[in-house]
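Engineer: This structure is in structure tokens; I'll ask about it shortly.
The values are calculated or read from the model by the stated rules, or taken from the named source; none is laboratory data. This is a predicted model, so every value here is computed, not measured. Cβ coordinates were reconstructed from backbone atoms using ideal geometry, including for glycine residues, and neighbour counts include every protein chain displayed. Surface areas here come from the heavy atoms of the whole protein model, side chains and all, with no ligands, DNA or RNA. Shrake-Rupley method; radii C 1.70, N 1.55, O 1.52, S 1.80 Å.
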Amino acid sequence: MKDNLQFRIMMAFSLVILVTVGAVFFFFNQATKTRIRSFGESVQYKLEMGMAGELSRYYRVQGSWEGVQPLVEQWGTASERRIILTDNEKIVVADSQGGLLGEPYKPDSPGTILQSPWKRGPLATLYIGEAKSASLYILYNAMGRFLILGACVAIAIALIITFFLSRRISTPICALTKTARKLGQGDFSQRVQVGDKTEVGELGLAFNSMAGDLEKGERLRRNMVADVAHELRTPLSNIRGYLEAVREGMVKPDAATIRSLEEETTLLSRLVDDLQDLSLAEAGKLKLICQAEDIAELINRTVAAVQAQAAAKEVSLSTTDLPQGLPLVNIDSHRISQVLRNLLENALAHTAKGDAINVAAAEQGDWVEISVADTGEGIPPDDLPNIFERFYRVDKSRARATGGSGLGLTIAKHLVESHGGKIEAQGKSGEGSCFSFTVPVV
Ligand code: ADP
């Protein structure tokens, strides 16, 4: 219970409420008490002075205290206090309640001494008791009771509000904990409901986005394993098929068979090389040796390397839009040449006799953009967003025909991005496609 967030919030709020109400009560009490006491003292003083003056005048006129009793009784009734007057021998000469008349009086308080009008020295002493009803104190006590009652009501209301408030705070956090636990157990479909835009809501949003990333990562990992197994299966079963046929004498181990076997193993080793490149790139461990390079020269060199393949396919491969005086770029020439070669090989694989491929470059601020456009089969718009995903092929059945591993564009994207650049594809099916990427100027 004490580890429960709602309980802790409630405890903290209760403590704050109690301290606040306690402090208000204490200071109010102190201030009211002091004020009432000083007010009472000033009333008492004024009363004493007034009565002492009157009594002195009475004595001066009468010459003795005879007949003063009714006057004192009258004052006692009017002021709701007991008034006692003693002579110099402390014998009571007037008592507003009459009980002590003629008796010696031993008071607790010193009393007000009345001076004799004729000779120096005291004449009598006047004692005035506390007011019977002490109305101010009654008021003070009543206020105190109201204050305690008010504080209790305020604490009760505050606790009810705190209960709902703390539940509002703790409920989404509890839901988040529950969901995180399920996520940790491998259920990546779990999401939390995001209610408001507070920090807790933001936390929920961040959690959902993390869960989405984890789900995507997990899906990719599973697909990757399935895809790799699938990619390996075809060449391996082909090799096995050839070898079995040779063993059973159905196929002769001649040059043609060996070439077929060689093609399958080339495909396999290309796949393994690409997988290794991809895993290094994804782990961010691809080492780039960047230096200032002449991009036009690199383009010409790479184009020249595939020119023979283009000629054999009767596809025209040109670099007519390669301007003079392009700035030097800061790249790993081996890796950027790999990207360009992949784009050219793809273009060749998806063009037919009579089509054209054009390589262009243009300076764009701090970047040089290189593009490879072809007039081939193009890419359907639905496939465009997925084209850079691993093992993604528009036409799954053409994998064998193109000899591609389905990883070329994924690796190209990683390589361009590790240079800080961007790669994108455009095109429609039947209208050719255009791949472009940027590299940084020195
Ligand atoms: P692959 O090894 O199969 O070529 P890539 O990653 O290089 O793998 O390319 C992925 C897919 O993108 C290809 O299978 C193909 O369907 C499509 N593609 C790539 N380049 C082109 C292009 N120039 N024209 C049409 N489709 C293309």
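Engineer: Please pick out the residue among Glu41, Glu54, Glu48 that is assigned to a helix (DSSP H, G or I), touching a Ser or Thr at 6+ places or on another chain (Cβ under 7 Å) and not aliphatic (A, V, I, L, M).
Structural biologist: Glu48
Engineer: Looking at segment 25-40 only, could you name the residues that are closer than 23 Å to Val153 by Cα and touching a residue at least 12 places away in the same chain (Cβ under 8 Å)?
Structural biologist: Result: Phe25, Phe28, Asn29, Thr32.
Engineer: Name every residue in segment 171-205 that is part of a helix (DSSP H, G or I), touching a residue at least 12 places away in the same chain (Cβ under 8 Å) and under 17 Å from Glu215 (Cβ atoms), in order of residue number.
Structural biologist: Matches in segment 171-205: Leu176, Thr179, Ala180, Leu183, Gly204.
Engineer: Quick one: which residue in Ala347, Ala362, Ala292, Ala281 is in a helix (DSSP H, G or I) and either without any contact (Cβ under 8 Å) to a residue 24 or more places away in the chain or in contact with a strand residue (DSSP E or B) (Cβ under 9 Å, 6 or more places away or on another chain) (or both)? Give the steps one after another, and end with the answer.
Structural biologist: Working: Ala362 fails: in a helix (DSSP H, G or I); Ala292 fails: in a helix (DSSP H, G or I); Ala281 fails: either without any contact (Cβ under 8 Å) to a residue 24 or more places away in the chain or in contact with a strand residue (DSSP E or B) (Cβ under 9 Å, 6 or more places away or on another chain) (or both).
Checking each option against the conditions leaves just Ala347.
Engineer: Another question, if that's okay. Tell me, yes or no, whether segment 232-242 has at least one residue that is within 30 Å of Arg167 (Cβ to Cβ), open to solvent by 80 Å² or more (accessible area, probe 1.4 Å) and free of Cβ contacts under 8 Å to residues at least 60 places away in the same chain.
Structural biologist: Among the residues of segment 232-242, not one is within 30 Å of Arg167 (Cβ to Cβ), open to solvent by 80 Å² or more (accessible area, probe 1.4 Å) and free of Cβ contacts under 8 Å to residues at least 60 places away in the same chain, which makes the answer no.
Engineer: Of all residues in segment 345-374, how many are under 50 Å from the mean Cα position of the chain (by Cα), among the acidic types (Asp, Glu) and more than 9 Å from the ligand (Cβ to nearest atom)?
Structural biologist: Residues flagged as under 50 Å from the mean Cα position of the chain (by Cα), among the acidic types (Asp, Glu) and more than 9 Å from the ligand (Cβ to nearest atom) within segment 345-374 amount to 3.
Engineer: Quick one: which residue in Val416, Val441 is more than 9 Å from the ligand (Cβ to nearest atom), in contact (Cβ under 8 Å) with a residue 60 or more places away in the chain, farther than 18 Å from Val303 by Cα and open to solvent by 30 Å² or more (accessible area, probe 1.4 Å)?
Structural biologist: Values: Val416 fails: open to solvent by 30 Å² or more (accessible area, probe 1.4 Å).
None of the other options fit; the residue is Val441.
Engineer: If you don't mind, there's one more thing I want to ask. Please list, ordered by first then second residue, the pairs with beta carbon atoms under 9 Å, 6 or more apart or interchain, first in segment 373-400 and of a type in the set (Phe, Trp, Tyr) and at pLDDT 90 or above, second in a helix (DSSP H, G or I) and surrounded by 18 or more Cβ atoms within 10 Å (Cβ to Cβ).
Structural biologist: Phe388/Leu409; Phe388/Thr410; Phe388/Ala412; Phe388/Lys413
Engineer: Let me ask something additional. What is the number of the single condition among (1) farther than 27 Å from Ser269 by Cα; (2) more than 7 Å from the ligand (Cβ to nearest atom); (3) open to solvent by less than 50 Å² (accessible area, probe 1.4 Å) that Glu424 does not meet?
Structural biologist: Answer for Glu424: the failing condition is (3).
Engineer: Scan segment 67-98 for residues that are free of Cβ contacts under 8 Å to residues at least 40 places away in the same chain, of a type in the set (Gly, Ala, Ser) and at negative phi and jot them down.
Structural biologist: Gly76, Ala78, Ala94, Ser96, listed by residue number.
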